[in-house]
Amino acid sequence: TTSEYWQWVFKGAEDAGKQLGVKVDKLGTPKDDAAGQIAVLESAAGSKSAAVVISPTIFEALGDPIASVTDSGIPVVVIDSGAKTDKYAAFLTTNNEAGGKAAADAMAACIKERTGKTAGKVGYITAMAGHESLDSRDKGFVDGVKAYPELKLVGNRVANNEEAEGMSLTADMNTKDPDLVGIFADNAQMGTGAGASINEQKLGSKLCLVAFDSDAGEVEHLKDGSIYALIIQDPY
């Protein structure tokens, strides 16, 4: 609930509720927390909601709880990320694999623009493991890089969806591979953290950072040149 992205999703839900005459309770946990999200889901179901909309935090962990709510007779609409179940009323999501591929293409364009050739070492930062939409973005990026034979993937770092950790991991990647030419950050927290690291080290002119989402921190780094491009998904 502390993420700017989800605040926009809540705003969309609130506006739709007013139009449709539906009372919308905005629920969630401050951070990505599967156990906490399951507790919130069970509470929403226990209050006899007419329906539940949920973005599963962890693919494996949320499957059975969502199926259980569906089996109780409450329609569940899954958004943004999937869960390990097919027991839901509808599923609305960004094509995250396509987004990851777009990130690979943007990075290749940046590297060629700055070095005159599409070659060199690249890496990517995953906000958290087991999150279906992030896994799909990363897969799209890795598959997209394969279209550029002279780009070499040299590693992946997994954070705890914390901006500070994204900053630290970016510095770590640059220390390990000082000739790194590109990094993909797969969500807003990673993008903002990576951008801050690149800005601090004044690497914006030599390191191509492509990030997903478009929160205020990322946009500032886009303006100061620390981020080359943002891949944007629409809040629902």
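A few comments on the model shown:
- Taking (1) small (Gly, Ala, Ser); (2) closer than 30 Å to VAL78 by Cα; (3) free of Cβ contacts under 8 Å to residues at least 24 places away in the same chain in turn, ALA188 satisfies each apart from (3).
- Scanning region 97-138 for residues that are within 21 Å of SER214 (Cα to Cα), among the hydrophobic types (A, V, I, L, M, F, W, C) and in contact with a helix residue (DSSP H, G or I) (Cβ under 7 Å, 6 or more places away or on another chain) yields a total of 6.
- With respect to the conditions (1) in contact with a Cys (Cβ under 8 Å, 6 or more places away or on another chain); (2) over 14 Å from MET107 (Cα atoms); (3) of a type in the set (A, V, I, L, M), VAL181 falls short on a single one, namely (2).
- Of all the numbered requirements in (1) within 30 Å of VAL9 (Cα to Cα); (2) open to solvent by 10 Å² or more (accessible area, probe 1.4 Å), GLY204 misses one, and that requirement is (1).
- Cross-chain or 6+ apart pairs with Cβ under 7 Å, region 95-115 first and in contact (Cβ under 8 Å) with a residue 40 or more places away in the chain, then in a loop (DSSP other than H, G, I, E, B) and of a type outside the set (Lys, Arg): GLY99/GLN233; ALA106/TYR228; ALA108/THR118; ALA108/TYR148; CYS110/TYR228; ILE111/THR118
The values are calculated or read from the model by the stated rules, or taken from the named source; none is laboratory data. The structure displayed is predicted, hence computed values, not measured ones. As a convention, Cβ positions derive from the backbone with ideal geometry for all residues, glycine included, and neighbour counts pool all protein chains shown. Keep in mind that these areas ignore ligands, DNA and RNA; they rest on the heavy atoms of the full protein, side chains included. Shrake-Rupley method; radii C 1.70, N 1.55, O 1.52, S 1.80 Å.
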